[in-house]
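**Q** Here you go, one structure.
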Amino acid sequence: MSSAELIEFTITSTVSSIRSQRRFPKNITIGELKGKLELLTGANPTSMQLELYGKDDVLHQKLEDPLATLGSLSAENGMRIHVIDPTTRSGEFEPGNEEEDVRFRMSEDEYKKKERTLHAFLTKNRLGKYDEDYQKKKELEKEKGKIEEEKAKHIPLNSRCEVKVTGQPTKRGIVKFIGEVHFQSGTWIGVQYDEPLGKNDGSVEGKRYFECPPKYGAFVKPSSVEVGDFPEEGLDDDEI
């Protein structure tokens, strides 16, 4: 793996309730990371405390060594970094209390020019609704989700199907599950393949969605599934 590989994290803090997604190099030190997070959250780097949470949102460890790198701490994509700043008032960058009073007394133009306002902070760091790329991505994902959900309505349970996923060989099987799952957002189709070309037995992380032998089960997006007359490959109609 390259030392410059980027790792994507969810960033949260005690300073603001805003959550954001950011990528940092594996070889960045905790000291350097605090400088980046100061711009992102408004927390003071000299008093900043960092906690690393796993994908299950359980505390993995506290990031205390300023010379340690993210790579040396076994950080992975999908983890969460929580920023704690005991010197900053909780919710300082939230649009409430004094912030709302300031905005009420000012014109919109004056308010936008005020350096320490929430608007200035969010605009500068491209957070929340001010992150145009994130908002576009969010809208695109929402539209894709609607298309997948509509597609799923036309996939009958227990029907024969053919699954086509980019970069993988075409597989055949039976539709065994249709609906939402705990490990990903959106609507998914659970398929029992005719051959052991899957990834599971119909369960993921201990939660079962359907029954099938090990390595015969898989979950795919509705757009990858075509239902129809797809008999098991290799079967001869003249044989019983």
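The values are calculated or read from the model by the stated rules, or taken from the named source; none is laboratory data. The model shown is predicted, which means the values in this text are computed figures rather than measured ones. Cβ atoms come from the backbone with ideal geometry, glycine included; neighbour counts cover every protein chain shown.
**Q** Glu226 - would you say it is loosely packed, with under 12 Cβ neighbours inside 10 Å, among the acidic types (Asp, Glu), in contact (Cβ under 8 Å) with a residue 40 or more places away in the chain and touching a strand residue (DSSP E or B) at 6+ places or on another chain (Cβ under 7 Å)?
**A** no
**Q** Residues that are at pLDDT below 95, at least 3 per element: which strands (runs of 3 or more DSSP E) completely within the stretch 161-240 meet that?
**A** none
**Q** Could you give every pair whose Cβ atoms fall below 8 Å, whose first residue belongs to the stretch 183-198 and is in the same structural domain as Ser223 (by TED's automatic domain parsing) and at positive phi, and whose second residue is among the β-branched types (Val, Ile, Thr) and buried (at least 18 other Cβ atoms within 10 Å of the Cβ), counting only separations of at least 6 or pairs across chains?
**A** Taking only residues 6 or more apart or on different chains, not a single pair turns up.
**Q** Answer with yes or no whether Glu150 is within 26 Å of Lys55 (Cβ to Cβ) and not in a loop (DSSP other than H, G, I, E, B).
**A** Answer is no for this residue.
**Q** Does Gly217 fit the bill of being farther than 30 Å from Asp57 by Cα and of a type in the set (Gly, Ala, Ser)?
**A** no
**Q** Would you be able to tell me the number of residues in the stretch 64-94 that are at pLDDT below 90 and among the basic types (Lys, Arg)?
**A** Result for the stretch 64-94: 1.
**Q** Failed condition for Gly31, given (1) part of a helix (DSSP H, G or I); (2) of a type in the set (Gly, Ala, Ser); (3) modelled with pLDDT under 90, with all others met?
**A** Of (1) part of a helix (DSSP H, G or I); (2) of a type in the set (Gly, Ala, Ser); (3) modelled with pLDDT under 90, only one is false for Gly31: (3).
**Q** Among the residues of the stretch 38-48, is any in a helix (DSSP H, G or I), modelled with pLDDT of 90 or more and on the phi < 0 side of the Ramachandran plot?
**A** The answer is no; no qualifying residue exists.
**Q** Being among the small types (Gly, Ala, Ser) and within 21 Å of the chain's Cα centre (by Cα) is the filter here, so list the residues in the stretch 191-223 that pass it.
**A** Those that are among the small types (Gly, Ala, Ser) and within 21 Å of the chain's Cα centre (by Cα): Ser203, Gly206, Ala218, Ser223.
**Q** Another question about this same structure. Only residues in the stretch 158-182 that are more than 14 Å from Phe230 (Cβ to Cβ) count as the first member; pair them with residues that are in a loop (DSSP other than H, G, I, E, B) and of a type in the set (D, E, K, R), Cβ under 8 angstrom, at least 6 apart or cross-chain, and list the lot.
**A** Listed pairs, sorted by first residue: Lys176/Glu211; His182/Glu205.
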